[in-house]
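Have a look at the structure below before the remarks.
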Amino acid sequence: MSYQVRSLRADEWPRAKALRLEALRDPVASIAFMETYGSASAQPDAFWQERAGRSAEGASGAQQIIAEGPDGEWVGTVTVLMEEAGTTDWAGMPVERLQGHLVGVYVQPGHRGIGLTEVLFDAGLEWAWAQGAERVRLLVHEDNERALRAYRKAGFTETGVTTTLGPDKGERELELAVERPESDF
């Protein structure tokens, strides 16, 4: 695989913005992401600069990992948010121990099915373990079969925790997680 997978640099915010807006145009974006293309595209540059700065190389609270294709095009991304024990996460769920939370997972259609998601996840997990995370989790809409398959293939398993996000309280988000390997403690 001739892809470079690395952390975002803060000055790359325009490329991070472009990739995020592309992800929000994906056919499953309405069940995959907690923001819309319309709301994200209306944000000023300062929003994107701050967002990139909070998750860029060297940040400790979050890390955005990007995949760069052979031609230099950004073709995938994942962000890991660190969540402290005793707090509540962005979705209002209690956090029981130090953990990473994967969000914003996206791989361009032409680069799916080749293992790139797993490579992005491996980089995100490595970063989370280096921050002391005991586990890494994610939330996925119960109807997002493509994402569920990819997450399970990457080693994530359902925890039994579910929540509702968004306006339709009849739709569920499933929590999947990976525990930190014992050898990493």
Residue list for the stretch 24-50, restricted to those being open to solvent by 70 Å² or more (accessible area, probe 1.4 Å) and either within 19 Å of D11 (Cα to Cα) or in contact (Cβ under 8 Å) with a residue 12 or more places away in the chain (or both): R25, M34, T36, Y37, P44, D45, Q49, E50
Matching option when the condition is open to solvent by less than 50 Å² (accessible area, probe 1.4 Å) and either of a type in the set (V, I, T) or in contact with a Gly (Cβ under 6 Å, 6 or more places away or on another chain) (or both), among A133, A123: A133
Filter result for V75 (open to solvent by less than 60 Å² (accessible area, probe 1.4 Å), outside any helix (DSSP H, G or I) and among the β-branched types (V, I, T)): yes
The stretch 66-84 residues that are within 16 Å of Y106 (Cα to Cα), paired with ones that are part of a loop (DSSP other than H, G, I, E, B) (beta carbon under 7 Å, 6 or more apart): I66/L8; A67/Y3; E68/Y3; G69/Y3; V75/G69; V75/Q108; G76/Q108; T79/S55
The stretch 1-23, subset open to solvent by 60 Å² or more (accessible area, probe 1.4 Å) and among the charged types (D, E, K, R), residue nearest to G76 (Cα to Cα): R15
Complete set of residues in the stretch 79-120 that are among the β-branched types (V, I, T), over 20 Å from G155 (Cβ atoms) and open to solvent by less than 50 Å² (accessible area, probe 1.4 Å): V95
Residue check, G69 open to solvent by less than 20 Å² (accessible area, probe 1.4 Å) and not polar (S, T, N, Q): yes
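The values are calculated or read from the model by the stated rules, or taken from the named source; none is laboratory data. Here the structure is a predicted model, which means the values were calculated and not measured. Note: ideal-geometry Cβ built from the backbone for every residue, glycine included; neighbour counts use all protein chains shown. Ligands, DNA and RNA are excluded from the accessible area calculation, which covers all protein heavy atoms including side chains. Shrake-Rupley method; radii C 1.70, N 1.55, O 1.52, S 1.80 Å.
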